[in-house]
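Can you keep this structure in mind? I'll have questions shortly.
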Amino acid sequence: MATRISDTPEEWEVTATSTPFQGNKTGVRTDQVVMPDGSVVGRDYQTHPGSVAILALDEQDRVLVVNQYRHPVREKLWEIPAGLLDVPGENPLAAAERELYEEAHTKAEDWRVLVDVYTTPGGSDEAVRVFLARQLSDVEGERFEVSEEEADMEVARVPLEELVRGALAGELHNNCLVVGCLALSAALASGGGPGALRAAQAPWPARPFEAR
């Protein structure tokens with residue numbers, strides 16, 4: 001019988017912990033962790049509230065993307081709408097609906113969980129839930145007022161196959177866009193399609209929440 005490949009919860013002993021830096025949303029933590037050989041070593045990592053991202057797909061199989069400046073990498077990246085889970089225990093679907101409205105003035109009638117990932121598990125505890133949103137329409141009324149990096153954000157709709165090509169060619173680098181587009185492409189190729197994906201309120205052990 002084949003072994004099921006699945007990540008499993010585990011927590012090694014921490015003998016001491018400190019927070020050298022705590023910002024408004026994220027921080028840096030240092031843990032002294034007991035290794036299997038009994039030694040104790042320091043591990044520094046970013047603490048993060050978690051995020052949601054939205055792969056919004058229209059009836060023409062185009063993905064809604066935004067272009068935004070990212071200072072740490074000194075590039076303007078094409079991304080899918082995304083945002084932080086600002087409130088502890090916040091329902092991820094509610095956060096995703098908010099981000100899709102704020103960044104693209106768009107709403108969706110059909111929501112599914114596309115994929116859950118840790119962005120950089122060797123250096124951060126950030127967990128991201130990527131949703132698939134379909135049956136898109138514009139939100140009525142005035143647009144959400146944006147500022148800072150979002151002030152010159154460009155919004156476009158690009159065919160899914162073009163984004164997959166760009167990711168594999170090394171032209172697109174945002175992790176949520178790349179993971180989301182490749183995951184959806186795989187889901188469509190499997191024959192199950194979006195209907196086989198998890199429900200929008202599926203449990204998320206990395207960031208537990210109360211269902212609406």
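The values are calculated or read from the model by the stated rules, or taken from the named source; none is laboratory data. What you are looking at is a predicted structure, and each value in this text was computed from that prediction instead of being measured. With ideal geometry, Cβ positions are generated from the backbone for all residues, glycine too; neighbour counts draw on all protein chains shown.
Taking the criterion of being modelled with pLDDT under 95, in the same structural domain as Arg74 (by TED's automatic domain parsing), assigned to a loop (DSSP other than H, G, I, E, B) and not hydroxyl-bearing (Ser, Thr, Tyr), would at least one residue in the range 179-191 satisfy it?
For the range 179-191, residues modelled with pLDDT under 95, in the same structural domain as Arg74 (by TED's automatic domain parsing), assigned to a loop (DSSP other than H, G, I, E, B) and not hydroxyl-bearing (Ser, Thr, Tyr): present.
Follow-up. Give the range 156-212 a look and list any residue that's of a type in the set (A, V, I, L, M, F, W, C), surrounded by fewer than 14 Cβ atoms within 10 Å (Cβ to Cβ) and in contact (Cβ under 8 Å) with a residue 40 or more places away in the chain, or say none.
Ala156, Ala199, Ala211
Would you confirm, using the coordinates I've provided, whether Glu109 is modelled with pLDDT of 95 or more and in contact with a His (Cβ under 7 Å, 6 or more places away or on another chain)?
no
On to the next question. For the range 55-97, which residues satisfy the criterion of being in a strand (DSSP E or B), more than 13 Å from Asn174 (Cα to Cα) and either over 17 Å from the mean Cα position of the chain (by Cα) or not assigned by TED's automatic domain parsing to the domain that holds Val178 (or both)? Walk me through it before giving the result.
Step one: of the range 55-97, the residues in a strand (DSSP E or B) are 55-57, 62-70, 75-79, 82-84.
Filter once more, so that each one left must be more than 13 Å from Asn174 (Cα to Cα): 56-57, 62-64, 83-84.
Across the range 55-97, the qualifying residue is only Arg62.
Right, next: May I ask you to list the residues in the range 23-42 that are under 24 Å from the mean Cα position of the chain (by Cα) and either modelled with pLDDT under 95 or farther than 30 Å from Tyr101 by Cα (or both)?
Residues satisfying the conditions are Gly23, Asn24, Lys25, Thr26, Val28, Arg29.
Collect the residues in the range 2-33 that are aliphatic (A, V, I, L, M) and surrounded by 10 or more Cβ atoms within 10 Å (Cβ to Cβ), keeping them in residue-number order.
Within the range 2-33, Val14, Ala16, Val28, Val33 meet the criteria.
Search the range 45-84 for residues being of a type in the set (D, E, K, R) and either farther than 21 Å from Ser124 by Cβ or touching a residue at least 40 places away in the same chain (Cβ under 8 Å) (or both), and hand back the single one that is surrounded by the fewest Cβ atoms within 10 Å (Cβ to Cβ). First the steps, then the outcome.
From the range 45-84, those of a type in the set (D, E, K, R) are 58-59, 61-62, 70, 74-76, 79; that's our starting set.
Filter once more, so that each one left must be either farther than 21 Å from Ser124 by Cβ or touching a residue at least 40 places away in the same chain (Cβ under 8 Å) (or both): 58-59, 61-62, 70, 75-76, 79.
Values: Asp58: 16, Glu59: 8, Asp61: 12, Arg62: 18, Arg70: 13, Glu75: 12, Lys76: 14, Glu79: 22.
Selected residue: Glu59.
From Glu103, Glu90, grab the single residue that is at pLDDT below 95, over 18 Å from Ala56 (Cβ atoms), buried (at least 18 other Cβ atoms within 10 Å of the Cβ) and of a type in the set (D, E, K, R).
Exactly one of Glu103, Glu90 is at pLDDT below 95, over 18 Å from Ala56 (Cβ atoms), buried (at least 18 other Cβ atoms within 10 Å of the Cβ) and of a type in the set (D, E, K, R), namely Glu90.
Considering every residue within the range 125-140, establish whether at least one is closer than 21 Å to Asp7 by Cα, surrounded by fewer than 13 Cβ atoms within 10 Å (Cβ to Cβ) and at pLDDT 95 or above.
Going residue by residue through the range 125-140, those that are closer than 21 Å to Asp7 by Cα are 125-131.
Of the ones still in play, those that are also surrounded by fewer than 13 Cβ atoms within 10 Å (Cβ to Cβ) are none.
The answer is no; no qualifying residue exists.
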